[in-house]
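Engineer: Below is one structure. I have some questions about it.
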Amino acid sequence: MSTAGVGLQRWMTPRLAILGVVSLGLVGVVTFAMSRAVTGPSTVASPRPSPQPSRPALDPAEEAYMRAMWPIHGDVERSLMRMSLGQILYKTDDLSRAELKTRIEQALVAYRGAETRIRALSPPTSLRSDHEQYLAAVRLFQESAAEAIKMFKDGRDEHLLAAYPKSQEGSDKIREVGGKFWPNEFPPN
Amino acid sequence: MIRKLLRVTMIVGLVGVVGGLGGADVLQARQDDKEDRDQENGQGKLPPQTLRSGFESTDQLLRDVERAEKAPLYSAWIVESSRFMFVPFGGFQPDKAGLNTTVNLPVNVGIIEGPDGKITLYDTGWKQLAYIFDWNTSCCWKGIRDQMHAIGLDPDKVTQIVLGHAHWDHAGQLSEFPDAVAYIQKEELKQIDFFLNYPVDFNAGHIRAVNTVDPMTGAQVGPPAQACARTPVCGYPPQTIQEILGKVLHGKAKIVDGRHEITPGLVIHPAFRGHTYGSQLLQVNTARGQLVFGSDTYSSWTGIRDWLVANIQQTDTIQQFLAYEKCYVLTSRLNSFNNCVSAHEPIAYTAAYPLTANWWNIPNGNCSRAAELILAPGKTTHVPASPDRTLCVNLNAPPHTVSP
């Protein structure tokens, strides 16, 4: 061993060695933390939100109408979802024919009830066309359900296919009206 | 010494007896459960509280890598279907709430071209123009078919669509591809159906099935303070489910249950509860290794890199991390987490997310962007010779009738 090596051995007592290792560790942790703070996940600096155009002010009649439509809309959507998913799960053998029949019958009742409730509302002139569009959608849903239910009379599943375009068109219509009336219904996902 | 040993042995024994009396077996999986899992899995490796069809072991994933590496190489791009503007960072990634800033989130669609020229889409982006433009909450929407034409890809060659999940902003343009076969997890559909049966006001309104906002003000109704209360059905408008139904009725849907190899080099992996109940990933064999498209399970690429949750919807955060881990395993041979493809990464289309660095504004694309991720050998680039890379934000959305 060289003279320098012997000198180092004498100088490097076990206690000093442990102290050195601990100090080095601490320095490493601090350096790592600082580097993370400096180079942390880079993000595109987004400007603060610029003033967004807000919905034009509603008059009391418009607001009252939209509020009255909201629970009806919820019932229509849930019935449509249950009927659509019922058909999908029937096709994948996860729902029995009898269960699908029940769902479609329930949906038909719900659509008829929704039509009655919507007709009882008096839309302001500004919302008359949306009112008519929603009514048209509900009628399409009824026609679609009435067509689908035929499969339980003659045993032909093709009625589901025949019923589909009407429910698709109706769902486009209520999405369009819903987007105008209740823009917060489906937030970013 | 012997006395000391005896004392220790007695103490250990006593602790054991007390533990036994106290019912320590509650920590163990029930024996019949275990046998059940052994039977199902054939290896007894399935952890408890994991859906059988959603579980994949590291060995199974690595076998998929080996198989894929023998398969043809694919080319891949992403296009931005639309862009959420000024989203609070903390709302997207809870760990970033302290930054008190906002981010713009792209909504990316994956385009994967096989050696035969046939195209597989991963997600289909938005359809709901009314939602986008009525109140200018977003920018840059462009129809996916137009986007594909504009970057030199033929939308008529789309033969398959893998839905990472069925939320409206990812499954919105299914009907634009009537001949393409859509792949969706059964778990996704079954869980939407299950939660539709939830009472509207379960648990004093803390949990609701749908429609948890005040219809007029957008304020949260009831006790939960989050948008949509993170309820399980709020991301699925009937319109989107109708589009899936259309695929099913026309024989153009494959409802899968867990892992599924579409073709060699193109493998679906379940990521149940990684974002929604039936989320799924897509592994793609490319010249830069395995790419893993993750939709909203991989909402944030930096989240995968830094091990942070993001975009928590119907997410079990552990399952999201396990889905991150699937990407780490599948990409372990080459490029690691750099090959995880994110749906909403704020720094996408910049060099900071290297996979997306080769980006450009889509010509006449309403400020939407595209990125070429990787080309198969011998393929020609689709990036223009002089790509427009000016960050463009179109707040003057295309005209859309607003009433009232």
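The values are calculated or read from the model by the stated rules, or taken from the named source; none is laboratory data. No experiment lies behind these values; they were computed from the predicted model shown. Cβ atoms come from the backbone with ideal geometry, glycine included; neighbour counts cover every protein chain shown. Surface areas here come from the heavy atoms of the whole protein model, side chains and all, with no ligands, DNA or RNA. Shrake-Rupley method; radii C 1.70, N 1.55, O 1.52, S 1.80 Å.
Engineer: With respect to residue A:166, is the statement that it is within 13 Å of chain B (Cβ to nearest Cβ), among the basic types (Lys, Arg) and open to solvent by 30 Å² or more (accessible area, probe 1.4 Å) true?
Structural biologist: Numbers: within 13 Å of chain B (Cβ to nearest Cβ): yes; among the basic types (Lys, Arg): yes; open to solvent by 30 Å² or more (accessible area, probe 1.4 Å): yes.
So residue A:166 passes the test.
Engineer: Considering only the range B:329-346, I want to know if a residue exists there that is within 14 Å of another protein chain (Cβ to nearest Cβ), under 29 Å from residue A:91 (Cα atoms) and in a loop (DSSP other than H, G, I, E, B). Can you show your working first?
Structural biologist: First, the residues of the range B:329-346 that are within 14 Å of another protein chain (Cβ to nearest Cβ): B:337, B:342-346.
Those still in the list that are under 29 Å from residue A:91 (Cα atoms) too: none.
No, every residue in the range B:329-346 fails to be within 14 Å of another protein chain (Cβ to nearest Cβ), under 29 Å from residue A:91 (Cα atoms) and in a loop (DSSP other than H, G, I, E, B).
Engineer: Next up: Do we find that residue B:350 is over 18 Å from the mean Cα position of the chain (by Cα), buried (at least 16 other Cβ atoms within 10 Å of the Cβ), free of Cβ contacts under 8 Å to residues at least 60 places away in the same chain and in a loop (DSSP other than H, G, I, E, B) in this structure? Spell out how you get there, then give the answer.
Structural biologist: Working: over 18 Å from the mean Cα position of the chain (by Cα): yes; buried (at least 16 other Cβ atoms within 10 Å of the Cβ): yes; free of Cβ contacts under 8 Å to residues at least 60 places away in the same chain: yes; in a loop (DSSP other than H, G, I, E, B): yes.
Spelling it out, residue B:350 is indeed over 18 Å from the mean Cα position of the chain (by Cα), buried (at least 16 other Cβ atoms within 10 Å of the Cβ), free of Cβ contacts under 8 Å to residues at least 60 places away in the same chain and in a loop (DSSP other than H, G, I, E, B).
Engineer: If you don't mind, another one. Does any residue of the range B:358-380 turn out to be away from chain A (no Cβ under 14 Å), acidic (Asp, Glu) and open to solvent by 50 Å² or more (accessible area, probe 1.4 Å)?
Structural biologist: Taking the range B:358-380 as the starting set, the residues that turn out to be away from chain A (no Cβ under 14 Å) are B:358, B:360-368, B:370-380.
From what's left, acidic (Asp, Glu): B:372.
With the extra rule that they be open to solvent by 50 Å² or more (accessible area, probe 1.4 Å), the set shrinks to none.
No, the range B:358-380 contains no residue that is away from chain A (no Cβ under 14 Å), acidic (Asp, Glu) and open to solvent by 50 Å² or more (accessible area, probe 1.4 Å).
Engineer: Let me ask another. Being of a type in the set (Phe, Trp, Tyr) and more than 23 Å from residue B:111 (Cβ to Cβ) is the filter; apply it to the range B:267-315 and report the residue that is most open to solvent (accessible area, probe 1.4 Å). Explain how you work it out, then say what you get.
Structural biologist: Applying the first criterion (of a type in the set (Phe, Trp, Tyr)) to the range B:267-315 yields B:272, B:277, B:293, B:298, B:301, B:307.
After this cut, where a residue has to be more than 23 Å from residue B:111 (Cβ to Cβ) as well, the list is B:272, B:277, B:307.
Working: B:272: 10, B:277: 58, B:307: 104 Å².
Once the filter is applied, the top-ranked residue is B:307.
Engineer: Here's a follow-up. Taking the residues in the range A:51-90 that are at the interface with chain B (Cβ under 7 Å from one of its Cβ atoms) and over 24 Å from the mean Cα position of the chain (by Cα) as candidates, determine which candidate is modelled with the lowest pLDDT.
Structural biologist: Out of the qualifying residues, it is A:56.
Engineer: Just checking, how many residues over the range B:98-120 are open to solvent by less than 60 Å² (accessible area, probe 1.4 Å) and more than 10 Å from chain A (Cβ to nearest Cβ)? Reasoning before the result, please.
Structural biologist: Kept after step one, since they are open to solvent by less than 60 Å² (accessible area, probe 1.4 Å), are these residues of the range B:98-120: B:101-114, B:117, B:119-120.
With the extra rule that they be more than 10 Å from chain A (Cβ to nearest Cβ), the set shrinks to B:106, B:108-114, B:117, B:119-120.
Matching residues across the range B:98-120 total 11.
Engineer: Residues B:169, B:193, B:156: which one is at pLDDT 90 or above, assigned to a helix (DSSP H, G or I) and within 13 Å of chain A (Cβ to nearest Cβ)? Let's see the steps before the verdict.
Structural biologist: Numbers: B:169 fails: assigned to a helix (DSSP H, G or I); B:156 fails: within 13 Å of chain A (Cβ to nearest Cβ).
Going through B:169, B:193, B:156 in turn, the sole match is B:193.
Engineer: What do you reckon, is residue A:122 at negative phi, within 10 Å of another protein chain (Cβ to nearest Cβ) and open to solvent by 10 Å² or more (accessible area, probe 1.4 Å)? Give the derivation first.
Structural biologist: Details: at negative phi: yes; within 10 Å of another protein chain (Cβ to nearest Cβ): no; open to solvent by 10 Å² or more (accessible area, probe 1.4 Å): yes.
No.
Engineer: Quick one: residue B:335 ticks every box in (1) in contact with a strand residue (DSSP E or B) (Cβ under 6 Å, 6 or more places away or on another chain); (2) polar (S, T, N, Q); (3) surrounded by 18 or more Cβ atoms within 10 Å (Cβ to Cβ) bar one, so which box is it?
Structural biologist: Condition not satisfied by residue B:335: (3).
Engineer: Further question: Return the residues of the range B:73-97 that are open to solvent by 10 Å² or more (accessible area, probe 1.4 Å), farther than 24 Å from residue B:166 by Cβ, in contact with a strand residue (DSSP E or B) (Cβ under 9 Å, 6 or more places away or on another chain) and within 14 Å of another protein chain (Cβ to nearest Cβ); say none if nothing qualifies.
Structural biologist: Once the filter is applied, which keeps residues that are open to solvent by 10 Å² or more (accessible area, probe 1.4 Å), farther than 24 Å from residue B:166 by Cβ, in contact with a strand residue (DSSP E or B) (Cβ under 9 Å, 6 or more places away or on another chain) and within 14 Å of another protein chain (Cβ to nearest Cβ), the range B:73-97 yields B:86, B:88, B:96, B:97.
Engineer: Sort out which residues of the range B:238-266 are within 7 Å of another protein chain (Cβ to nearest Cβ), open to solvent by 10 Å² or more (accessible area, probe 1.4 Å) and at pLDDT 95 or above, and write them in order of number.
Structural biologist: Listed by number, the residues that qualify are B:248, B:249, B:255.
Engineer: For the range B:57-150, give me every one of the helices (runs of 4 or more DSSP H) that falls completely inside it and has 2 or more residues that are within 26 Å of residue B:180 (Cβ to Cβ). Please lay out each step first, then the result.
Structural biologist: Numbers: elements: B:58-69, B:89-92, B:129-133, B:144-150.
Counting at least 2 such residues, we get B:58-69, B:129-133, B:144-150.
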